[in-house]
1. Given contacts defined as C-alpha pairs under 8 Å and at least six residues apart, what's the relative contact order of the stretch 1-68, whole-number percent?
2. Between Ala17 and Leu182, take the C-beta separation as r, use R0 = 30 Å, and let me know the FRET efficiency to the nearest 0.05.
3. Hey, what's the Kirkwood Rh for the stretch 83-203 if you take every pair of different alpha carbons, in angstrom?
4. So what's the net charge close to Ile28: Lys and Arg +1, Asp and Glu -1, counting the other residues with Cβ under 15 Å from its Cβ?
5. In Å², and per residue, what accessible area does the chain have when probed at 1.4 Å with the other protein chains present?
6. Could you work out what % of the accessible surface of the stretch 32-114 is carbon and sulfur, using a 1.4 angstrom probe and leaving DNA, RNA and ligands out of the count?
7. Across the chain, where is the longest run that never hits chymotrypsin sites (Phe, Trp or Tyr not before Pro) in a DSSP loop with at most 14 other C-beta atoms within 10 Å?
8. Can you pull the accessible area of Leu201 for me, 1.4 Å probe, Å² to the nearest 10?
Amino acid sequence: MADLIFGCTGVTADKYAATPSLTFQLAITERSGVRVHAIALRCQIRIEPHRRRYSAAEAGRLHDLFGDPSRWAETVKPIQLATVSVMVPGFTAVTEVDLPVPCTYDLEVSSARYLHGLDDGTIPLILLFSGTVFVATETGFSVELVPWSAEATYRMPVTVWRELVDAHFPGSAWLRCSRDTLDALSGFKARHALPTWDATLNALLAAAGPHDPAPAPERQDETGGTVR
């Protein structure tokens, strides 16, 4: 029976993918000495936001996601980033494999909104593995399951996410609105002969007048408690 240990050794932004994608480097170790013919591997990747600290500016951007910082001990929960699959070719002892992970920059999606709110540091991730292992035997192959306890943690640098976004959406961000809102914005844009959507939104903000900035929230520690 195969005895597998999974680890994540790095991540890179795939600048040339058709859609924004991260590529995680996985290291898989087989400790019993059997020959692994292949693994049909599934990986669920979750962000664990309670495992890092936040500046006052970051906490302010994450207010609509987690609520008031005084309640973060209850409201900060894991966020699903992706569930992906990959075929691992045959190996003995140790192998490395790339795990492509498509990403979204839709700010209506919790993971994108969370990642967009970070300035620097690292993003704590947990990778949960499952799937089917095909082990070579003297008489053919045996089929086993990757145990549900198989997992790995990794702290992805925020700079990798920024690099990915800048490669696919340089100097831009995405917002989703209803068709009625888009029609109203289109009418305003046409009436005022505004050249771009950015100019349209800036004109509306200018018409709304100045506003007072929201008070900066208190800083949070790694467990979600308040640091004064």
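1. Across the stretch 1-68, relative contact order equals 28 percent.
2. After rounding to 0.05, the efficiency reads 0.60.
3. 19.0 Å
4. That works out to -3.
5. Each residue of the chain exposes 57 Å² on average to a 1.4 Å probe.
6. Ligands and nucleic acids excluded, carbon and sulfur reach 51 percent.
7. With a cap of 14 other Cβ atoms within 10 Å, the longest stretch comes to 17-147.
8. Surface open to solvent at Leu201 totals about 80 Å².
The values are calculated or read from the model by the stated rules, or taken from the named source; none is laboratory data. Computed from a predicted model, the values in this text were never measured in an experiment. Positions of Cβ are backbone-derived with ideal geometry, glycine not excepted, and every protein chain shown enters the neighbour counts. With ligands, DNA and RNA removed, areas are computed over all heavy atoms of the protein, side chains included. Shrake-Rupley method; radii C 1.70, N 1.55, O 1.52, S 1.80 Å.
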